Amino acid sequence: MDTTRMTAASVRRDGDTLMFAGELGRDACASAWTQARPLLAGTRRLDLTAVTRVDSAGLALLAEIAEQAGIDRGAGGVAGDPAGLSELRAAYRMDANLTYAG
């Protein structure tokens, strides 16, 4: 994989939403977690519209963040569908809000 073309992941808070950008791959997860962790309290939504791709490590990160933050289980708890997310959610039996569907 050509890592020179990857966009570094970033996380910022906008109101009650964590806004992610870049690629949420294995190499970016530690940095993304470090950025997200102090922002979790009061977070109700995740916005992935600026995320270019998610791999299984990125999905695990997002699921952990969703669990710890108590992401809104109603409609709209997670916005955006970057490359890889739908397939991984199906493979790991997760719903649209990144919780296990059983």
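Some values worked out for this structure:
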{"quantity": "Qualifying residues in the stretch 79-102 (those that are open to solvent by 70 Å² or more (accessible area, probe 1.4 Å) and of a type in the set (A, V, I, L, M, F, W, C)) - the one modelled with the lowest pLDDT", "calculated": "A101"}
{"quantity": "Pairs, first farther than 13 Å from L98 by Cα in the stretch 44-71, second among the charged types (D, E, K, R) and open to solvent by less than 30 Å² (accessible area, probe 1.4 Å), C-beta under 6 Å, six or more apart", "calculated": "T52/E23; R53/E23"}
{"quantity": "Some residue of the stretch 58-80 being of a type in the set (G, A, S) and closer than 13 Å to S10 by Cα", "calculated": "yes"}
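Listed here are the residues, each with its yes/no results for (1) modelled with pLDDT of 95 or more; (2) under 10 Å from the mean Cα position of the chain (by Cα); (3) under 15 Å from L85 (Cβ atoms).
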residue	(1), (2), (3)
M1	no, no, no
S10	yes, no, no
T34	yes, no, no
P38	yes, no, no
G58	yes, yes, yes
A66	no, yes, yes
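The values are calculated or read from the model by the stated rules, or taken from the named source; none is laboratory data. Only a predicted model underlies this, so the values are computations on that prediction, with no experimental measurement involved. Positions of Cβ are generated from backbone atoms using ideal geometry, with glycine treated the same way; all protein chains shown enter the neighbour counts. For accessibility, only protein heavy atoms count, side chains too; no ligands or nucleic acids. Shrake-Rupley method; radii C 1.70, N 1.55, O 1.52, S 1.80 Å.
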